[in-house]
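The structure appears below as structure tokens.
None of the figures in this text is laboratory data; all of them are computed from the coordinates on show. Given the structure is predicted, the values throughout are model-derived calculations rather than measurements. Glycine also receives a Cβ, built like all others from the backbone with ideal geometry; neighbour counts cover every protein chain displayed.
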Amino acid sequence: MEFGITFKGFVSPDRARYLVRQAEAAGFDYCWFYDSHVLWRESYVAMAMCMEHTTRMRFGPCVTNPNTRDWSLAASLFASLAKQSKGRFDIGLGRGDSAVRVMGKKPATLARLAEFAEKVKALVRGEEVIYGECPEPVKFPWVDGYELPVWIGAYGPKALKTAGEIGDGLILQIGDPALVKWFRDQAIEAGNAAGRDMSKFRVMAAAPAFVGDMDYCIEKTKWFPAMVGNHVADIVEKYGFDSGLVPQSLTSYIEKRRGYDYSKHGQSDNPYLDFITDDIVESFCVLGGADQHITKLRNLEEAGVTQFNIYLDSGDEEKIIADYANHIIPALNKNK
């Protein structure tokens, strides 16, 4: 299993440099950044900085979207970071959540997401591309054939189908093994139906991790199911509570949800946390003592997860990285 960390844009530059050096030495493989330019500082500047302080770790947005930037600008940015890091750059891609909704804009359609992935990969590869907002052909004379890995963030049936059909990997913001398997199987099935070779398809479980007393861990990570609930609410609005297209275990916990404050996106002081129960927090995150982390991560691996990505948003970040370095990553990888 690979391991990743994710930053929001409020981490100070000095601390970000320190944490990525610590994480790379600890055995982490990826560093991801939220891409929400209004709520936090521009993430790609931070990625470029952190690349200069690492040699092995890969970087990328978790996630970007088709609507924030002109597509040639996005592709140029991605290709530049890939070249600057000597090929250590992926992207996570979604329809657009906090980055666009905080401005009152709507997320992209799945068709637009799929077209963005296709066109941007082609531009980064060095091909000539025509896309909707730019009627003249675009081709970068300076790229060198980099094959940009694109991970698709998805929950709903149609998004999971798109991920399986076009993605190199799937991003699931949840740490529940049964739900991960339910989502993953749909994407794999869609890829197989499209005639793709899915043997190297990757699956990320992205969630907070916290090591210590369970009650304390739950209190520190209660913000996360509220963020997930915002996505689930979108699915329920489209498909209904009892459609059978979304597991009841995922939809039932949002029945008392009252709203969501995007200015407090992914933060513990979001005012809409009162519908979250302790059981949900424990299910969605990876919490407790080191042995509990190891057991849950093994269950996630059995469910098809290839990368566990820790959202470093709950405090004690240095300790979490150190705990994983000393106790958890070695236990997961000792027989590999």
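Considering only alpha-carbon pairs that sit under 8 angstrom and 6 or more positions apart, the relative contact order computed for the chain is 18 percent.
Two tests apply to each whole DSSP H helix in the chain, Cα reach of 20 Å or more along its axis and mean Kyte-Doolittle hydropathy of at least -1.0, and the ones passing both are 110-125, 177-193, 223-239.
Given a 10 angstrom Cα cut-off, can you work out which residue in Ala178, Ala194, Ala25 is the most mobile in a GNM of the chain? Answer for the Gaussian network model of the chain: Ala194. Listed options for Cα extents along the principal axes in Å are (1) 61, 43, 41; (2) 58, 51, 36; (3) 57, 46, 39. The value calculated from this structure is the one marked (3).
When the listed pairs Lys106/Lys238; Lys121/Lys238; Lys220/Lys296; Lys8/Lys86; Lys181/Lys296; Lys105/Lys238 are checked against a 21 Å cut-off, the alpha-carbon distance exceeds it for Lys121/Lys238; Lys8/Lys86.
The order of the peptides 303-316, 125-138 by mean Cβ neighbours within 10 Å, most packed first, is 303-316, 125-138. Per-peptide packing, taken as the mean over residues of other Cβ atoms within 10 Å, places 72-79, 142-149 in the sequence 72-79, 142-149 from highest down.
What number, rounded to the nearest 500 deg cm²/dmol, is the helix-based mean residue ellipticity at 222 nm of the chain, given -39500 (n - 2.57) per DSSP H run of at least four residues and division by all its residues?
Using -39500 (n - 2.57) per qualifying helix, the result is -12500 deg cm²/dmol.
Most fluctuating residue of Ile91, Ile321, Ile276 in a GNM of the chain with Cα springs under 10 Å: which is it? Largest GNM mean-square fluctuation: Ile276. Computed over the chain with a Gaussian network model linking Cα atoms closer than 10 Å, the most mobile of Ala154, Ala209, Ala46 is Ala46.
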